[in-house]
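Read through the structure below, which is laid out as structure tokens, and then see the notes.
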Amino acid sequence: MFDFNGKTVLITGASYGLGEAFALAFADAGANLILTARSGDLLEAVGEACRAKGAKVTVETGDVSIEADVVRVVKAGAAEHGKIDVLVNNAGIADLRGLAAEHFDAETFNNIVAVDLTGAFYYARECGRHMLQNGGGSIVNITSIMASGGNEVNVIGYSAAKGGLLNMTYQLGCEWADRGVRVNAVSPGFIVTEMTRPALEAMGMDKWISSRTPMRRVGEAQEVTNAVMFLASDLASYITGADLLVDGGTNASRGTFQIPPIHHEWNADTPMVPTDYEPVAPRPDWYQALEGGIPGIHYPLPEEAATE
Ligand code: NAD
């Protein structure tokens, strides 16, 4: 679907998860790659799989939160390939403990900000400078649905860092718009990866997440990849400073989808949610009270019924 022949793509956090999926997809589309993460062995395995698809691949280990590592990785990658056309700022960490903000420790908060926000800034700055000198490029920041609002999952460090990354996307999109460098965000909903597997699969949270998602399911890595490749490609040539949500409608629904509304039952012969979706929570009492609809609208008021 996409053609990245002759393009060089740098992907952070490419050793597993979404970053690995992006690397394989860009290799399939003809790109050459600069892959980075902290673990050399895992990264090399992804690099080998991409080389098998015909890509020229540079593997450079480094920690995105260490400025000197970022400078070294970008320099080595640009030297090896002669240029960097696309940066995918993907490396990220989260915290699944569900700690309320008033109990959240400074160390975890600062670590998350250092990787998810400051690390992405280091890469955007280093690659951005190179792209500006080179006459153009495209940066895709992987943010999250949690970047654009509050939620009930208690991830204050992550929400703050991703919100910052989204606003940085808007800022860089404007700053570099007239110099050929586009900067956009992809904001995924919940996708099963190493980051989310313990909560989604092991704890069964995927059912709850599905219940609050209008599409009634979590997402696939390929669905995020498609959005990243579109924004990275020349097909998105007039798009910068944009946030592409890949979240099954979650952000649009503003959380209203968890329990299907009672009018879905009143109108069962013309279903408004044509799936076999079962709500996960027990239904509240007012559901029983309203089972037959609204008196006077869906059935006669008691006094009307008495005079009939
Ligand atoms: P993951 O944990 O499976 O993979 C994260 C990747 O980042 C790994 O390659 C890891 O080695 C790398 N990484 C972590 N810290 C690093 C550091 N300090 N330096 C260099 N590399 C580092 O996570 P994922 O689910 O693939 O997430 C990828 C991105 O997508 C993250 O930014 C994440 O916040 C975001 N995201 C994920 C989801 C989801 O549901 N999986 C949803 C929204 C956003």
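The values are calculated or read from the model by the stated rules, or taken from the named source; none is laboratory data. All of these numbers come straight from a predicted model, not from anything done at the bench. Cβ coordinates were reconstructed from backbone atoms using ideal geometry, including for glycine residues, and neighbour counts include every protein chain displayed. The area values use the complete protein model at the heavy-atom level, side chains included, leaving out ligands, DNA and RNA. Shrake-Rupley method; radii C 1.70, N 1.55, O 1.52, S 1.80 Å.
Sorted by packing (mean other beta-carbon atoms within 10 Å per residue), highest first, where do 141-150, 211-220 land? Don't jump to the answer; show the numbers that get you there.
Working: 141-150: 22.2, 211-220: 17.5.
Descending mean neighbour count gives 141-150, 211-220.
Over all other residues within a Cβ to Cβ distance under 14 Å of G82, the charged ones net out to +2, with Lys and Arg as +1 and Asp and Glu as -1. Please report the spacing between the Cα centers of the range 1-78 and the range 178-202 in Å, no decimals. Here the answer is 17 Å between Cα centres. Spacing of the modelled spin labels on R197 and L132, each 7 Å from Cα toward Cβ, amounts to 4.1 nm.
Please give the FRET efficiency for N226 paired with E152, using the beta carbon to beta carbon distance and R0 = 30 Å, rounded to the nearest 0.05. Write down the numbers at each step before the final one.
Values: r = 29 Å, r/R0 = 0.95.
E between N226 and E152, to the nearest 0.05, is 0.60.
Applied to the range 173-179, the Karplus parametrisation 6.51 cos²θ - 1.76 cosθ + 1.60 on θ = phi - 60° returns per-residue 3J(HN,Hα) values of x, 6, 4, 10, 4, 8, 10 Hz, with x for Gly and Pro.
Using a 1.4 angstrom probe on heavy atoms only, work out the carbon and sulfur share of the accessible area of the range 8-246 in %.
Details: 5300 of 9920 Å².
Carbon plus sulfur share of accessible area: 53 percent.
Partner lysines whose Cα lies under 25 Å from the Cα of K207, excluding those fewer than 8 positions away in the same chain, are identified as K162. In sequence order, the range 190-199 has phi-based couplings of 7, 10, 6, 9, 4, 5, 10, 4, x, 6 Hz under the Karplus curve 6.51 cos²θ - 1.76 cosθ + 1.60, θ = phi - 60°, and Gly or Pro positions carry x. Averaging the Cα positions of each part gives two centres, and for the range 140-166 and the range 110-137 these lie 18 Å apart.
What is the sum of charges around A106, taking Lys and Arg as +1, Asp and Glu as -1, for the other residues whose C-beta is under 15 Å from the C-beta of A106? Intermediate values should be presented prior to the final figure.
Working: positive: R97; negative: D95, E102, D105, E107.
Neighbourhood net charge equals -3.
In the chain, taking the dipole from charged Cβ atoms about the Cα centre, the farthest positive-side position among T36, V113, V74 is held by V74. Database remark: amide H of D243 closer than 5 angstrom to the amide H of A185 (H placed geometrically; neighbours at sequence offset of 5 or more, or on other chains; Pro and chain starts carry no H).
Set the Förster distance to 51 Å, then compute FRET efficiency between A49 and Y299 from the Cβ-Cβ distance, nearest 0.05. All intermediate terms of the calculation are to be shown ahead of the outcome.
Working: r = 63 Å, r/R0 = 1.23.
In this case the efficiency is close to 0.25.
Charges were assigned to the Cβ only: +1 to each Lys and Arg, -1 to each Asp and Glu. The resulting dipole of the range 8-246 about its Cα centre is roughly 440 debye.
Amide H contacts for I139 (H built 1.01 Å from N in the peptide plane; partners 5 or more residues away or on another chain; cut-off under 5 Å): L87, R182, V183, N184. Under 16 Å from a label point 7 Å along Cα→Cβ of V71: give me every residue in the range 89-130 with its amide N that close. It comes to 119, 121-130, nothing else. Full extension of the segment from Y170 to S39, taken as 0.36 nm per residue of separation minus the current Cα-Cα distance, would add 44.0 nm.
Among residues other than A55 with Cβ under 13 Å from its Cβ, the summed charge is +1 (Lys and Arg +1, Asp and Glu -1).
Determine the gain in length on full extension of the stretch K56-Y238; use 0.36 nm per residue of separation and subtract their C-alpha separation, reporting nm with one decimal. Provide the component values of the computation, followed by the final result.
Numbers: separation 182, 0.36 × 182 = 65.52 nm, distance 2.88 nm.
Result: 62.6 nm gained on full extension.
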